[in-house]
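What follows is one structure encoded as structure tokens, with my remarks underneath.
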Amino acid sequence: MSRHVISVLVNNKPGVLTRIAGLFARRGFNIDSLAVGETQDPAVSLMTIVVTANSATLEQINKQLNKLIDVIKIVDITDVPSVLRELMLVKVSATPANRSEISQIVNIFRAKIVDVAPTALTIEITGDESKLTAFLQMLIPYGIIELARTGTIALVRSNAK
Amino acid sequence: MKLSGAEILVQSLVREGVEVIFGYPGGAVLEIYDKILDSPIRHYLVRHEQGAAHAADGYARTTGRPGVCLATSGPGATNLVTGIATAYMDSVPLIAITGQVATSLLGTDAFQEADITGITLPITKHNYLVKKVEDLPRVIKEAFHIATTGRPGPVLVDLPKDVTVAQTTFQYPDRVDLPSYRPTLTGHPRQIERAAAEILAASKPLLYVGGGAISGCASAALAKLVELVPMPVTATLMGLGAFPGTDPKFLGMLGMHGTVAANYATLEADLVIAVGARFDDRVTGYLPSFAPKAKIIHIDIDPAEIGKNVPVDIPIVGDAGLVLADIVKVLAASSAEARAQKAAEREDWLTRVLRWKADYPLKYGQPESPTGLAPQFVVEELYRQTNGEAIITTEVGQNQMWTAQFYRFDRPRSLASSGGLGTMGYGLPAAIGAQIGNPGRTVINVSGDGSFLMNVQELATAVQYGIPIKVAILNNQFLGMVRQWQELFYNHRYSQSCLRSNPDNVKIAEAFGAVGLRATNAQETKEVIAEALAITDRPVVMDFMVDREANVLPIVPPNASLDKMIGGGTQ
């Protein structure tokens, strides 16, 4: 079992997300994360799906996705040089005493404080998954109040194809 | 000139060559029904929407043309669901058109509203909710294209009532523009070469034929292949008829109720050539021990089927008929030495397999005994009196397996049976559709007393239109296959499988206006079948009182290896 990042170009039509999510659910494929948005062509959306699967399952995911009429193209970019990014918002407990300490961690990770309250800070950070995980590890001791993540989006590097 | 959505629908169906629709009206489709009155399309009024879906399916399987069914919104649409799922599992080209509440009411839980595109998402090849009348011609064009090309399957088109009323200028597209849908039809030349080389190098090849050989019109290529390189042939339930059932090299069906020869051949073969078959659990038994000594060539139009259940040595994506024809071409062009290289081994192998076939035939006891008629005898008698030329539909269970074992199908599209989904109640409405699509042929629905009642209302449809289908009920007053499993695997504990208080099927037939006949012994069986076959203006129901506890043999217990057959005479 290993993690794979799959880039799926789909027709930007109502119900396409349901078709894809339904396929994963009924065939028992697990989705780690899924992010979707319009591309430069408004008729086409790009879905970035992160899955943990063995090679046989991955092959089935690929082939079954391909059978959906609204799926245009599928690329497994796991082993292709790519830019992977995820956006995370995290609300962490903060007191006047430790606020600057947290601020230093934020700076080291090139994150951003986007909201300050007397007992909490809200921080925005983008990066690949390992960076976000490392950042989160640093914040856990202060107390995580709330957390939201977008899931990974990805593009293959220009000279990598 | 502007046309309404309903008119556009009907015009588009005519453009697609649709001659027949099976349906049932209701509030959301009244506009469509009004326009059907003035069209050349023949509409058959069923008595339950499930019957419409199965009839369209039976029409499609036996003619090769797409079947069309029509139902209203809400319950009309949900009643189609079993029929759509049946067609999906067996890759049948079916167009289901459903009415829907007006677009302004969508999502409000309006009267007779059901999210049928949501419900049928996992059981259609594709589906559409048409919200603008301008989209309708393109959607119908695409629906037929998708349903009938690549791996065939059902496509549902949901039409809100206001879309059927709204008007626009009608222009039917002459081509589809679906860049994301391009099925592969011809096999990769290198894979074709490799397959041909493996066939010539094999000492013990076995041809394993599935439903894809029928939808891919592969019969001629199959015959050529076996002529060039003689080898034994087995088929799945869905593949019966693709290769002649009376050919000496044909071993019969393989799998759970397969013949000894077919199952033994899979165990010994060094090469299995799978043509449009999908290694279903009812075929393979315990997967790791299926065809343990064989390399596998897998030809399938659906790439997702290749490698899904078993690892494949030579995958070939493409239409079964086209790929096989290409393989045959390569084989025909090969040198005589190349073909002779393993010819002696192959001949020994064929002799050995045919000896199994001779030593362990499918068999049963006497045609009749004090416990009733042998159901197998009834099927054999149907075969004899129709010269094997009837179109047969079946229900699901023992009746289906005895038909597959004892009626030998020489031609493709002669058997319509729910293989994948296993839908009881399929056969009667499917027979109606088959008869409408094949007016000159004898159409027989082999049924059980359980299945018969599941869509018995369709007798009224057959009577209304004078459709002369024959229903042959193997009446054992049990859910026979359930009882058989309870006998073998649940220590004879017959839980809820006894149908002792079922109605009198002869009287039921007569109440519908059909002919009802009954046979309790061998002589009556012959007479009843002869009498039924002579009736050509209305449906006939034949009630055969068979041995209550007859079993379908051999049987491989579920998830057991194919050598674990019970009742094949090999113990």
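The values are calculated or read from the model by the stated rules, or taken from the named source; none is laboratory data. Here the structure is a predicted model, which is why all the values come from computation and not from measurement. Quick reminder, even Gly has a Cβ in these numbers, built from the backbone with ideal geometry, and neighbours come from all protein chains shown.
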Looking at B:V29, B:V101, which one is surrounded by fewer than 24 Cβ atoms within 10 Å (Cβ to Cβ), over 30 Å from B:S414 (Cβ atoms) and touching a residue at least 40 places away in the same chain (Cβ under 8 Å)?
-> B:V101
Name the single residue, out of those in segment B:278-287 being farther than 22 Å from A:I61 by Cα and either more than 19 Å from the chain's Cα centre (by Cα) or not charged (D, E, K, R) (or both), that is nearest to the other protein chains (Cβ to nearest Cβ).
-> B:T284
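So which of B:N455, B:N502 is of a type outside the set (V, I, T), surrounded by fewer than 22 Cβ atoms within 10 Å (Cβ to Cβ) and part of a loop (DSSP other than H, G, I, E, B)?
B:N502
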Qualifying position, being β-branched (V, I, T), outside the structural domain of B:A60 (by TED's automatic domain parsing) and touching a residue at least 12 places away in the same chain (Cβ under 8 Å), among B:I199, B:I140 = B:I199
Per the list (1) crowded, with 24+ Cβ neighbours inside 10 Å; (2) closer than 29 Å to B:Y59 by Cα, residue check on B:L225 breaks on (2)
Tell me which of these A:N66 doesn't satisfy, since it passes every other one: (1) of a type in the set (S, T, N, Q); (2) within 29 Å of B:H126 (Cα to Cα); (3) touching a residue at least 12 places away in the same chain (Cβ under 8 Å).
-> (3)
Selection within segment B:104-116 - touching a Gly at 6+ places or on another chain (Cβ under 7 Å) and either within 12 Å of chain A (Cβ to nearest Cβ) or free of Cβ contacts under 8 Å to residues at least 60 places away in the same chain (or both) | B:E113, B:A114
Take segment B:208-238 and flag every residue that is closer than 17 Å to B:L322 by Cβ and among the polar types (S, T, N, Q).
-> B:S215, B:S219
Yes/no for A:I102 being part of a strand (DSSP E or B), at pLDDT 95 or above and either within 14 Å of chain B (Cβ to nearest Cβ) or over 12 Å from A:V8 (Cβ atoms) (or both) = no
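Are there any strands (runs of 3 or more DSSP E) wholly within segment B:1-71 with 1 or more residues that are under 19 Å from B:I146 (Cα atoms), more than 24 Å from the chain's Cα centre (by Cα) and hydrophobic (A, V, I, L, M, F, W, C), and if so which?
So the answer is none; nothing clears 1.
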Candidate set from segment A:16-29 (those that are in contact (Cβ under 8 Å) with a residue 40 or more places away in the chain and over 15 Å from A:V51 (Cβ atoms)); member that is nearest to the other protein chains (Cβ to nearest Cβ) = A:R19
Do you know which of the residues in segment B:172-203 that are acidic (D, E) and assigned to a helix (DSSP H, G or I) is farthest from the other protein chains (Cβ to nearest Cβ)?
-> B:E193
All positions within segment B:199-222 that are buried (at least 24 other Cβ atoms within 10 Å of the Cβ) and under 21 Å from the mean Cα position of the chain (by Cα) = B:L207, B:Y208, B:V209, B:G210, B:G211, B:G212, B:A213, B:I214, B:S215, B:G216, B:A218, B:L222
Kindly indicate whether any position in segment B:371-379 is free of Cβ contacts under 8 Å to residues at least 60 places away in the same chain and touching a helix residue (DSSP H, G or I) at 6+ places or on another chain (Cβ under 8 Å).
-> no
Output the number of residues of segment A:46-68 satisfying the condition of being more than 17 Å from the chain's Cα centre (by Cα) and of a type in the set (S, T, Y).
-> 2
Just checking, which of A:E59, A:E86, A:E38 is within 13 Å of another protein chain (Cβ to nearest Cβ) and either of a type outside the set (G, A, S) or touching a Gly at 6+ places or on another chain (Cβ under 6 Å) (or both)?
-> A:E59
Of all residues in segment B:179-198 being surrounded by 16 or more Cβ atoms within 10 Å (Cβ to Cβ) and among the hydrophobic types (A, V, I, L, M, F, W, C), which is farthest from B:P230 (Cα to Cα)?
-> B:I192
Odd one out for B:A304 among (1) more than 14 Å from chain A (Cβ to nearest Cβ); (2) surrounded by fewer than 22 Cβ atoms within 10 Å (Cβ to Cβ) | (1)
So which residues in segment B:77-103 are away from chain A (no Cβ under 14 Å) and in a loop (DSSP other than H, G, I, E, B)?
-> B:D90, B:V92, B:P93, B:V101, B:A102
